[in-house]
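In what follows, a structure is listed as structure tokens, so that the remarks can point back to it.
Only the coordinates and a few stated rules stand behind these numbers; no lab work does. If you're wondering where the values come from, they're calculated on a predicted model, not measured in any experiment. So basically every Cβ, Gly included, is an ideal-geometry build from the backbone, and we count neighbours across all protein chains shown.
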């Protein structure tokens with residue numbers, strides 16, 4: 001349990017592996033390419049967007065311990081320093097389902 005205090009994050013309970021499922025995953029991506037050919041090389045310009053519809057996709061939530069307002073230590077139920085077994089820590093569940101859109105632009109030069 002000391003490792004969860006070092007990182008401030010909980011550890012997976014592998015006895016629960018494959019007992020629960022996340023919701024459905026949906027994503028729409030598109031890519032625009034423009035290829036220009038010259039005698040000795042080819043230039044490919046592209047623009048790519050992943051999750052263009054900005055859909056929220058479920059992910060595994062993270063477990064952490066609540067911190068003090070000045071972020072100096074962990075908040076505890078009894079006001080004492082957190083115990084090594086984390087029994088007096090205040091658990092906090094962090095969801096991870098924010099919609100993220102990832103645009104990419106670039107070029108490929110072929111000789």
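Figures for the structure shown
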{"quantity": "Stretchable slack from residue 67 to residue 85, in nm (0.36 nm times residue separation minus alpha-carbon distance)", "calculated": "4.8 nm"}
{"quantity": "Listed residues 99, 61, 69, most fluctuating in the chain (Gaussian network, C-alpha, under 10 Å)", "calculated": "69"}
{"quantity": "Normalised contact order of the range 16-60, rounded percent, pairs of Cα under 8 Å and 6 or more residues apart", "calculated": "45"}
{"quantity": "Distance (nanometres) between label positions extended 7 Å along Cα→Cβ at residue 50 and residue 107", "calculated": "2.4"}
{"quantity": "Helical contribution to [θ] at 222 nm, DSSP H n ≥ 4, -39,500 (n - 2.57), averaged over the chain, rounded to 500", "calculated": "-1000 deg cm²/dmol"}
{"quantity": "Answer label, with mean projected area of the Cα convex hull in nm² calculated from the coordinates and candidates [x] 8.1; [y] 8.9; [z] 12.0", "calculated": "[z]"}
{"quantity": "Residue exposure sequence - 82, 90 - by fewest surrounding Cβ within 10 Å", "calculated": "90, 82"}
{"quantity": "Selected from 27, 16, 50 as most flexible by GNM, with the chain as the system and alpha-carbon contacts under 10 Å", "calculated": "16"}
{"quantity": "Relative contact order [Cα under 8 Å, 6+ residues apart], the chain, whole percent", "calculated": "32"}
